[in-house]
Amino acid sequence: MTPDEYCQEKTQQSSSSFYYSFLFLNDSQRQAMTALYAYCREIDDVVDDCTDQLIAGNTLNWWRDEVHDTFHGTPNHPVAIALKTAINNYPLQGKYFLELISGMEMDLHNNQYASFNDLSLYCNRVAGTVGLLTIEILGYTGSDTSEYARNLGISLQLINILRDVKEDAQRGRIYIPQDELVKFSVTKDMLMSHTNTPQTLNLFKFQAARAQSYYEKAFSALDKNDRYAQRTGIIMAEIYFTLLKKIQIQQYPVLEKRVTVNKFKKLWLAWTTVRREYKLSRQLLHDTSN
């Protein structure tokens, strides 16, 4: 199995929304995005699958060395080897790969975050950095597109936190800020219940509104000339925003079940988003030529 085949298998195994957004990329971009996503999965799996905190920490430090070798030497892991191809093709910065590791490392030492200020650092490290790497692969010209990428990454992470709130609580992790739990009179036991209360419902509405605000901030910063190039990220945004709307419409059933968007809906969203962005790009080209 080649390094790229390993990354492809890692991506497909996760049943991730990322897979559907990769369908409309050229070969070089798809290779880079698949390697990037596989890297994210590898780092995430270190924290999620290793029960020994010391071993997990040592493994993350090994990955720090592997990132260094990817940029300055000869990497060993198939994902890092695939990433080396990507960094030869695109201006990817090593600091963001390291920042992602630091974000995942926070999960080893924090079971809860005191305030959103603390949580936002985590979200920026584990998701904002992925957005910043993604736009380099897709290409952009607008000076504010990096703000789009960072805010979109944070928005998607906040949606993940809302969707997985019960599962995370059962694993001993509560990502909703502690001061907000107090504000809405919600306890850990309530997050592990099977049904909502007026308190949890209000808390979840508050979290959804924040995720939506970051979503809106992201797209207000996206240069219209970059939209078509950034269509892969926009596909991801459409899929996640559809998930958020589903959670809202169903009155936040996140304590009862895991809310998902099925693969056919994801494929439809990917296709219709690409068509829409293509039409917008053609219209923009027409307007600027006249």
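The values are calculated or read from the model by the stated rules, or taken from the named source; none is laboratory data. Remember, predicted model here, so these are calculated numbers, not experimental data. When we count neighbours, we look across all protein chains shown, and the Cβ atoms used for this are built from the backbone with ideal geometry, even at glycine.
For segment 244-254, check the following and say yes or no: at least one residue is in contact (Cβ under 8 Å) with a residue 12 or more places away in the chain, in a loop (DSSP other than H, G, I, E, B) and either crowded, with 19+ Cβ neighbours inside 10 Å or touching an Asp or Glu at 6+ places or on another chain (Cβ under 6 Å) (or both). Yes: one or more hits.
Beta carbons closer than 9 Å, at least 6 apart along the sequence or on distinct chains, pair a first residue in segment 262-290 that is closer than 21 Å to residue 22 by Cβ with a second that is of a type in the set (A, V, I, L, M, F, W, C) and not in a helix (DSSP H, G or I) for 269/261; 281/229.
Could you please let me know if residue 180 is within 24 Å of the chain's Cα centre (by Cα), modelled with pLDDT of 95 or more, surrounded by fewer than 20 Cβ atoms within 10 Å (Cβ to Cβ) and closer than 24 Å to residue 109 by Cβ? So residue 180 passes the test.
Out of segment 178-207, which residues are out of contact with any Lys or Arg (no Cβ under 9 Å at 6 or more places or on another chain) and touching a residue at least 40 places away in the same chain (Cβ under 8 Å)?
Going residue by residue through segment 178-207, those that are out of contact with any Lys or Arg (no Cβ under 9 Å at 6 or more places or on another chain) are 178-180, 182-190, 195-202, 204-205, 207.
Within segment 178-207, 178, 179, 180, 195, 196, 200, 201, 204, 205, 207 meet the criteria.
Could you list, ordered by first residue, the pairs with Cβ atoms under 6 Å in which the first is in segment 31-52 and more than 18 Å from residue 128 (Cβ to Cβ) and free of Cβ contacts under 8 Å to residues at least 60 places away in the same chain and the second is among the hydrophobic types (A, V, I, L, M, F, W, C) and crowded, with 22+ Cβ neighbours inside 10 Å, at least 6 apart or interchain? From residues that are more than 18 Å from residue 128 (Cβ to Cβ) and free of Cβ contacts under 8 Å to residues at least 60 places away in the same chain, the pairs are 34/7; 35/7; 35/82; 35/83; 35/86; 38/7; 38/79; 42/79. A Cβ distance below 7 Å, combined with a sequence gap of six or more or placement on separate chains, defines the contacts here; from segment 118-133, residues that are assigned by TED's automatic domain parsing to the domain that holds residue 232 reach residues that are outside any helix (DSSP H, G or I) and of a type in the set (A, V, I, L, M) in the pairs 133/92.
Whenever a residue of segment 74-96 is in a helix (DSSP H, G or I), its partners that are modelled with pLDDT under 95 and of a type in the set (Ser, Thr, Tyr), lying with C-beta atoms within less than 6 angstrom and at least six residues away or across chains, give the pairs 78/6.
Is there a residue in segment 177-184 that is among the β-branched types (Val, Ile, Thr) and in contact with a helix residue (DSSP H, G or I) (Cβ under 7 Å, 6 or more places away or on another chain)? It would help to see each step written out before you state the result.
Here is the first cut: in segment 177-184, the ones among the β-branched types (Val, Ile, Thr) are 182.
Next, only the ones that are in contact with a helix residue (DSSP H, G or I) (Cβ under 7 Å, 6 or more places away or on another chain) stay: none.
No, because not a single residue in segment 177-184 is among the β-branched types (Val, Ile, Thr) and in contact with a helix residue (DSSP H, G or I) (Cβ under 7 Å, 6 or more places away or on another chain).
When the test is whether a residue is without any contact (Cβ under 8 Å) to a residue 40 or more places away in the chain and either touching a Lys or Arg at 6+ places or on another chain (Cβ under 6 Å) or in a helix (DSSP H, G or I) (or both), residue 257 does not pass it. Is it the case that some residue within segment 161-173 is under 25 Å from residue 132 (Cα atoms), out of contact with any helix residue (DSSP H, G or I) (no Cβ under 6 Å at 6 or more places or on another chain) and without any contact (Cβ under 8 Å) to a residue 60 or more places away in the chain? Yes, the conditions are met somewhere in segment 161-173.
Could you please find all residues in segment 202-243 being acidic (Asp, Glu) and assigned to a helix (DSSP H, G or I)? Please lay out each step first, then the result.
Pass one, segment 202-243, residues acidic (Asp, Glu): 216, 223, 226, 238.
Matches in segment 202-243: 216, 226, 238.
Of the listed requirements (1) under 18 Å from the mean Cα position of the chain (by Cα); (2) surrounded by 17 or more Cβ atoms within 10 Å (Cβ to Cβ); (3) not basic (Lys, Arg), residue 216 misses just one: (2). Only one entry of 32, 86, 56, 82 meets the criterion of being at pLDDT below 95, in contact with a helix residue (DSSP H, G or I) (Cβ under 6 Å, 6 or more places away or on another chain), aliphatic (A, V, I, L, M) and not assigned by TED's automatic domain parsing to the domain that holds residue 126, and that entry is 56. Of the residues making up segment 20-58, those that are more than 23 Å from residue 103 (Cα to Cα) and either buried (at least 16 other Cβ atoms within 10 Å of the Cβ) or touching a Cys at 6+ places or on another chain (Cβ under 9 Å) (or both) are 20, 21, 22, 24, 25, 29, 30, 31. For the criterion of being at negative phi, among the hydrophobic types (A, V, I, L, M, F, W, C) and surrounded by 15 or more Cβ atoms within 10 Å (Cβ to Cβ), residue 127 passes.
The number of residues in segment 14-51 being in a helix (DSSP H, G or I) and more than 17 Å from residue 267 (Cα to Cα) comes to 22.
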